[in-house]
Amino acid sequence: MSKGIVRPMQMDDLQAILEIERASFSTPWSLQAFKAELKDNEYARYLCLELEGQVIGYMGLWFILDEGHITNIAIAPDYRGQHWGEYLMRSMMDRMVEQGMERMTLEVRTSNSQAQSLYKRLGFTTAGVRKGYYADTQEDALIMWVELGMDVNVL
């Protein structure tokens, strides 16, 4: 596997991000939502995963006190199943530890077993359920947490 570059998201990345977003989610974020996160949200941190000059994934989270709350993560369809999501998550987790963050949380659809498997491999555990969390389908979400700085399984 070639080495991907994980870097901060820029406004110039948003067209590629929107394509990945639309291919990944039934209710994708809008261009305005991403712009607001990048320009106006002091808590937001967004990273891109670039491979050979092309953005193939992204991840966003909010840094709140000593916690990171994942807002979204997606990998372009042609690159799924190749561990790029794990690579991106581990990169973000390393950056969080460097900045003194202690834990990380996210919500994931109860039907998204592939994502749940990744998160469990990274040390996340289920802490609860948000009933009807997803507006498009009323599907429940699992709330998952991980304590950072702990050893997690390696590929």
Exercise. Quickly run through region 102-124 and pick out the residues that are surrounded by 19 or more Cβ atoms within 10 Å (Cβ to Cβ) and either part of a helix (DSSP H, G or I) or at pLDDT below 90 (or both).
Key: TYR119
Quiz prompt | Pairs where the first residue, in region 75-101, is touching a residue at least 24 places away in the same chain (Cβ under 8 Å) and the second is among the acidic types (Asp, Glu) and part of a helix (DSSP H, G or I), C-beta under 9 Å, 6+ apart | solution = ALA76/GLU19
Quiz item: Consider TRP29 against the criteria (1) buried (at least 16 other Cβ atoms within 10 Å of the Cβ); (2) not in a loop (DSSP other than H, G, I, E, B): it satisfies all of them except one. Which criterion is unmet?
Solution: (2)
Exercise. Read through the list (1) under 26 Å from GLU42 (Cβ atoms); (2) among the charged types (D, E, K, R); (3) surrounded by 13 or more Cβ atoms within 10 Å (Cβ to Cβ), then give the number of the only condition that GLU98 fails.
Key: (3)
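Residue-by-condition table, conditions (1) modelled with pLDDT of 95 or more; (2) in contact with a Pro (Cβ under 8 Å, 6 or more places away or on another chain):
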position	(1), (2)
ILE17	yes, no
TRP29	no, no
ALA36	yes, no
CYS48	yes, yes
GLY53	no, no
MET59	yes, no
GLY68	no, no
Exercise. Report yes if GLY85 is of a type outside the set (A, V, I, L, M, F, W, C) and either farther than 21 Å from GLU21 by Cβ or outside any helix (DSSP H, G or I) (or both), otherwise no.
Key: no
Exercise. With the condition kept exactly as written, say whether any residue in region 11-26 is surrounded by 13 or more Cβ atoms within 10 Å (Cβ to Cβ), in contact with a helix residue (DSSP H, G or I) (Cβ under 7 Å, 6 or more places away or on another chain), outside any helix (DSSP H, G or I) and hydrophobic (A, V, I, L, M, F, W, C).
Key: no
Exercise. State all residues of region 21-60 that are under 20 Å from ARG80 (Cα atoms), among the charged types (D, E, K, R) and touching a Phe, Trp or Tyr at 6+ places or on another chain (Cβ under 7 Å); if no residue qualifies, say none.
Key: GLU21
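The values are calculated or read from the model by the stated rules, or taken from the named source; none is laboratory data. For clarity, every value in this text was computed on a predicted model and none was experimentally measured. Every residue, glycine as well, gets a Cβ built from its backbone with ideal geometry; the counts of neighbours run over all protein chains shown.
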